[in-house]
Structures are given as structure tokens and as C-alpha cells.
Amino acid sequence: MLRGGVALGVAYSRADLHKLLRQAGIDDELIALDDDRLIDREGGGPDVWD
């Protein structure tokens, strides 16, 4: 995950991604893991993590 061009980390699960997004200051209510406009994935999407 990048914020301002700085890597914050890599998510390997939904929990990892939620943690990174919260650390980036994104409110839980705004997190939509299936919204491709908000999340650029490499190697799979939310269906892979289920």
C-alpha cells in the first residue's frame, strides 16, 4: 500500500488490508475491499482472500 508515494506495507489478508487502511487514516466505514476504483491489486482480489 502506498500513501504519498511511501510504502506502508503489504497485505496478505483482509485483516492486513483493513489494518493498513486504518493506519493510513481511512475510516472503517469508507473501506470497500471490492471497489476496484479504490484498491489496485496485484495477484488477486477480495475473492482470493475469502
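What follows is calculated from the coordinates using simple rules that are stated; it is not laboratory data. This is a predicted model, so every value here is computed, not measured. Because the Cβ atoms are built from the backbone with ideal geometry, glycine has one as well, and the counts that use them run over all protein chains shown.
Label separation (Ser13 vs Glu42): 2.2 nm, computed from points 7 Å beyond Cα along the C-beta direction. Highest mean first, the peptides 14-20, 28-34 sorted by other C-beta atoms within 10 Å per residue fall in the order 14-20, 28-34.
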